[in-house]
1. Give the range 54-74 a look and list any residue that's open to solvent by less than 60 Å² (accessible area, probe 1.4 Å), assigned to a loop (DSSP other than H, G, I, E, B) and either of a type in the set (Ser, Thr, Tyr) or at positive phi (or both), or say none.
2. Kindly list, by first and then second residue, each pair from a residue in the range 1-30 that is more than 12 Å from Met49 (Cβ to Cβ) to a residue that is modelled with pLDDT under 95 and in a loop (DSSP other than H, G, I, E, B), limited to pairs with Cβ atoms under 6 Å and residues at least 6 apart or on different chains.
3. In the range 54-66, is there at least one residue being modelled with pLDDT under 90, aromatic (Phe, Trp, Tyr) and in contact with a strand residue (DSSP E or B) (Cβ under 7 Å, 6 or more places away or on another chain)?
4. Taking the conditions exactly as written (assigned to a helix (DSSP H, G or I), modelled with pLDDT under 85 and β-branched (Val, Ile, Thr)), does Ile16 satisfy them or not?
5. So Arg28 passes all but one of these: (1) exposed (fewer than 12 other Cβ atoms within 10 Å of the Cβ); (2) in a helix (DSSP H, G or I). Which condition number does it fail?
Amino acid sequence: MLLRTKSLTLEIAQDIASKAIQVAKENRFAPVAVTVLDACGHTVVQYRMDKWPPGFLAMAQAKANTCIQVGMCSRTYGMKYLSKDATPDAFDA
């Protein structure tokens, strides 16, 4: 019996990454990097905003990989493991 899985197309991955960048801009977040992986953990697309801090691409890759490994989106993962006092302001340097 062959298992069938849905594949993530390049077009959908680009839409996901573009929407994430758009939301970051609309909310005036600090520059972000976005990585979209397929179900096997391979990078499909990786975007970054202008003036992004060095190392953000690697962090975006690691965050996306963690989400695949634990089987949940980053928001759910954060809500489960971050303290209630952890806000975006808490991470400002």
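The values are calculated or read from the model by the stated rules, or taken from the named source; none is laboratory data. These numbers were taken from a predicted model, which means no experiment stands behind them. A quick note on method: Cβ atoms are made from the backbone with ideal geometry, for glycine too, and the neighbour counts reach across all protein chains shown. All accessible areas refer to the heavy atoms of the entire protein, side chains included, with ligands and DNA or RNA removed. Shrake-Rupley method; radii C 1.70, N 1.55, O 1.52, S 1.80 Å.
1. Gly55 - this is the single residue of the range 54-74 that is open to solvent by less than 60 Å² (accessible area, probe 1.4 Å), assigned to a loop (DSSP other than H, G, I, E, B) and either of a type in the set (Ser, Thr, Tyr) or at positive phi (or both).
2. What qualifies is Leu8/Asp38.
3. Filtering the range 54-66 for residues modelled with pLDDT under 90 gives 54-66.
Now narrow it down to the ones that are aromatic (Phe, Trp, Tyr): 56.
With in contact with a strand residue (DSSP E or B) (Cβ under 7 Å, 6 or more places away or on another chain) added as a condition, the list becomes 56.
The answer is yes, given that some residue of the range 54-66 is modelled with pLDDT under 90, aromatic (Phe, Trp, Tyr) and in contact with a strand residue (DSSP E or B) (Cβ under 7 Å, 6 or more places away or on another chain).
4. Details: assigned to a helix (DSSP H, G or I): yes; modelled with pLDDT under 85: no; β-branched (Val, Ile, Thr): yes.
It is false that Ile16 is assigned to a helix (DSSP H, G or I), modelled with pLDDT under 85 and β-branched (Val, Ile, Thr).
5. Checking Arg28 against (1) exposed (fewer than 12 other Cβ atoms within 10 Å of the Cβ); (2) in a helix (DSSP H, G or I), the one that fails is (2).
Residue-by-condition table, conditions (1) in contact with a Pro (Cβ under 9 Å, 6 or more places away or on another chain); (2) open to solvent by 60 Å² or more (accessible area, probe 1.4 Å):
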{"position": "Leu10", "(1), (2)": "no, yes"}
{"position": "Ile21", "(1), (2)": "no, no"}
{"position": "Val34", "(1), (2)": "no, no"}
{"position": "Val45", "(1), (2)": "no, no"}
{"position": "Trp52", "(1), (2)": "yes, yes"}
{"position": "Thr76", "(1), (2)": "no, yes"}
